[in-house]
Structures are given as C-alpha cells and as structure tokens.
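Just below is one structure, and these are the notes that go with it.
The values are calculated or read from the model by the stated rules, or taken from the named source; none is laboratory data. Predicted model, so just to flag it, every value in this text is computed and none were measured. Every residue, glycine among them, receives a Cβ derived from its backbone with ideal geometry; neighbour counts consider all protein chains shown. Only protein heavy atoms, including side chains, enter the accessible area calculation; ligands, DNA and RNA are left aside. Shrake-Rupley method; radii C 1.70, N 1.55, O 1.52, S 1.80 Å.
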Amino acid sequence: MLVGYARTSTVEQEAGLEAQERDLRAVGCEKVFAERVSSVARRARMEAALEFVREGDALVVTKLDRLARSVADLLAIEARLKTKGVGLRVLSMGGSELDTSTPTGKLMLTMLGAIAEFERGLMLERQREGIQKAKEAGKYRGRAPTARRKAEEIQRLRADGVKPTEIAVRLGIGRASVYRVLQKSVV
C-alpha cells in the first residue's frame, strides 16, 4: 500500500497542501495523512502515518523537507520505516524520484538530507542577520503579542461572565495568555 504524508507550516499555505495531496493521490496513495504544522512542532499526523504503515508499504512524500527537519530526524524516520519493513519514496528530487529500497536511493537520501539541512542553516543565518540589521536601523520591532492586541476584548468577555477557557477558545489564543491579560488588569 502507498501511504502519503503532506505538510505545510501555516494555514496560509492551503494551496500547497492541496497540491501535495493531489500529487500523492495521483501516484496511487490510498491513504493520505495531512497537517498544517511547523516541522519543529509535534507532528501528530506524521506520527499517525508512521504508526499506520506496515511491512511492504511505502510512505510517500512530495518533497524531503515536508517530512524531516534535519538529517538526524530524516535518518530516524527512515530507520523507523526500515524496522517495520516500509520503504520511503520522495516524488520530487530535481526531476526524478527517490526510493530508499535501493542502495543508491539510501545514499541519495542521506546526501540530500545533509544538503537540505545546510541550506536551512544558511537561510536562518541570513534571517538573523537581516533582523539584527533592521533592529539597528530601528525598523524591526517583532510582532505584537496576539493576546495584548485582544486585551480589551478579553476584559469585556470576562466582565460579561465568560470563563477564561471559553475566552481563549472564542478568541483563538492560549488560556495562559488570557490569564496574563486578566492578571495585569487587576494589578
């Protein structure tokens, strides 16, 4: 059985997630696990996919960066799959497909994973440099905390008798953030 896994980092990347799911189904994936979560967060659907696959199956992803956050992560995932007798297929590898059931595929997976990790490190370094430069120029302030922007609404809902947990659900913020805002309004 071919089992697909699709991931995007943000809700704004809906089209990218849909494209991944379409491509996975086009190659014959009977089941597709999809999620919108950062690669550094807990990836519940990926874990579900890894639990679901069984001997003789292949886990299919459209790109390597959709599956793993680092070479170590990639190799750990590949080892879990190997233990279960499951192959890994990556559909888009510069115009060709990668299949870890072959020795060449395994070699390429390790090499490409290392290159992807190196590229990400360079990108993060450039990002930090850009942020530092913007801070020095007084142009970077970071994002305003979501709960602080909603402080008036939090206080209004609490005054209306809405419990903090319900406020958090209604406003799409964390319960601890609601308590922080309410505590500051008391002091």
For this session: Quick one: residue 51 ticks every box in (1) free of Cβ contacts under 8 Å to residues at least 24 places away in the same chain; (2) assigned to a helix (DSSP H, G or I); (3) under 11 Å from the mean Cα position of the chain (by Cα) except a single one, so which number is it?
Result: (3)
Seminar exercise, completed: Scanning the range 54-73 for residues that are in a helix (DSSP H, G or I) and either at pLDDT 90 or above or over 14 Å from the mean Cα position of the chain (by Cα) (or both), the one surrounded by the fewest Cβ atoms within 10 Å (Cβ to Cβ) turns out to be 72
Problem set entry | Residue among 125, 117 that is modelled with pLDDT under 90, closer than 25 Å to residue 74 by Cα and open to solvent by less than 100 Å² (accessible area, probe 1.4 Å) | 117
Exercise. Quick one: what pairs do we get from the range 131-151, first residue among the aliphatic types (A, V, I, L, M), second surrounded by 12 or more Cβ atoms within 10 Å (Cβ to Cβ) and part of a loop (DSSP other than H, G, I, E, B), C-beta under 8 Å, 6+ apart or different chains?
Worked result: 131/140; 134/140; 147/173; 147/174
Exercise. Out of 175, 158, which single residue is touching a helix residue (DSSP H, G or I) at 6+ places or on another chain (Cβ under 9 Å), open to solvent by 50 Å² or more (accessible area, probe 1.4 Å) and at pLDDT below 90?
Worked result: 175
For this session: Take residue 20 and decide whether it is without any contact (Cβ under 8 Å) to a residue 60 or more places away in the chain, of a type in the set (S, T, N, Q), surrounded by fewer than 19 Cβ atoms within 10 Å (Cβ to Cβ) and assigned to a helix (DSSP H, G or I).
Result: no
Seminar exercise, completed: Within the range 136-155, residues part of a helix (DSSP H, G or I) and open to solvent by less than 50 Å² (accessible area, probe 1.4 Å) come out as 146, 147, 151, 154
Exercise. What's the number of the condition residue 90 fails, among (1) over 16 Å from the mean Cα position of the chain (by Cα); (2) open to solvent by less than 10 Å² (accessible area, probe 1.4 Å); (3) among the hydrophobic types (A, V, I, L, M, F, W, C); (4) farther than 21 Å from residue 121 by Cβ?
Worked result: (4)
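If I ask for residues that are in a helix (DSSP H, G or I) and either open to solvent by 40 Å² or more (accessible area, probe 1.4 Å) or in contact with a Leu (Cβ under 6 Å, 6 or more places away or on another chain) (or both), which ones from the range 7-17 would you list? Quick ask: steps written out before the conclusion?
In the first step, residues of the range 7-17 are kept if they are in a helix (DSSP H, G or I); the result is 11-17.
Result: 11, 12, 13, 14, 15.
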For this session: Take residue 101 and decide whether it is open to solvent by less than 80 Å² (accessible area, probe 1.4 Å) and among the polar types (S, T, N, Q).
Result: no
Exercise. Considering only the range 157-187, how many residues are part of a loop (DSSP other than H, G, I, E, B), among the aliphatic types (A, V, I, L, M) and more than 14 Å from residue 145 (Cβ to Cβ)?
Worked result: 2
Exercise. From the residues in the range 23-46 that are among the charged types (D, E, K, R) and within 21 Å of residue 117 (Cα to Cα), which one is most open to solvent (accessible area, probe 1.4 Å)?
Worked result: 42
